[in-house]
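Chemist: Shown below is the structure under consideration.
The values are calculated or read from the model by the stated rules, or taken from the named source; none is laboratory data. Nothing here was measured: the structure is a model prediction, and the numbers come from that model. As a convention, Cβ positions derive from the backbone with ideal geometry for all residues, glycine included, and neighbour counts pool all protein chains shown.
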Amino acid sequence: MKNVMKWMLTLLFATATLGAAQAQSKVEQDLDELRAWMQRRSGQADSTLRKEWPSVKQEFKSLTSGLNRNTQSLSEESRAEYNDIKQRYESWEERNESTAVDLEGKELERWERELTGTTNINRIKPAKMRDAYARLLEKTRGQRRNWSLRDWEYADFVLGELNSRKAEVLHQLSNGDKIKIAALQVEFASLKRSREAKDAYEHMIESKR
């Protein structure tokens, strides 16, 4: 009888241990998925996040529901990482819900056509992605000095649409196209920062008068 009781207790302990291990494995897997999602979203332009914000919120809620219920199952290091991800998301949320960009549909179509040659950016073929980026940068270089801040918002939004399409067809792009597109993305960001710095300087001079 004692042997039977001992065997049952051992079985119960083993079952409980296995259940705890499986729960921990599942919650760590959830964190892995959230981490991958965060990395993917972090690589997108702010304009893309603004455009897709309702979907971003829903995705985050879905990815964190299990983590919120089982945070205690995470290791100390994983809990710290999860808290860091939540803080980064909260920063996104504050920025995107307080400064939503209201772009006019017809005007946006005009900018899409002007900068990329099409209003169907989500259908650009992989072989044409490099040309689309090159056209956008050519237009930006030539017209940026005459652009208002509102114009830059439209241009940045169109770039975000291009970036989203690029992410969809990335595996179909040649290494040469990937390198060239990355260089063009960096150039656009540099031109935009130059404009922002110029505006900040002019504002400072104006405020001192």
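Chemist: Residue pairs, Cβ under 7 Å, 6 or more apart or interchain, first in segment 47-70 and within 19 Å of GLU28 (Cβ to Cβ), second at pLDDT below 85. List them.
Modeler: What qualifies is ASN70/ALA23.
Chemist: Taking the stated definitions as given, is GLU107 in a helix (DSSP H, G or I) and either modelled with pLDDT of 90 or more or exposed (fewer than 13 other Cβ atoms within 10 Å of the Cβ) (or both)?
Modeler: Here the answer is yes, as GLU107 does meet what is asked.
Chemist: Okay, next question. Quick one: would you say LEU170 is under 24 Å from LEU49 (Cα atoms) and modelled with pLDDT of 95 or more?
Modeler: On the way: under 24 Å from LEU49 (Cα atoms): yes; modelled with pLDDT of 95 or more: no.
In short, no.
Okay, residues lined up against (1) within 23 Å of the chain's Cα centre (by Cα); (2) more than 15 Å from LYS192 (Cβ to Cβ); (3) assigned to a loop (DSSP other than H, G, I, E, B):
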residue: GLU112; (1), (2), (3): yes, yes, no
residue: THR118; (1), (2), (3): no, yes, yes
residue: ASN122; (1), (2), (3): yes, yes, no
residue: ARG130; (1), (2), (3): yes, yes, no
residue: ARG141; (1), (2), (3): no, no, no
residue: GLY160; (1), (2), (3): yes, no, no
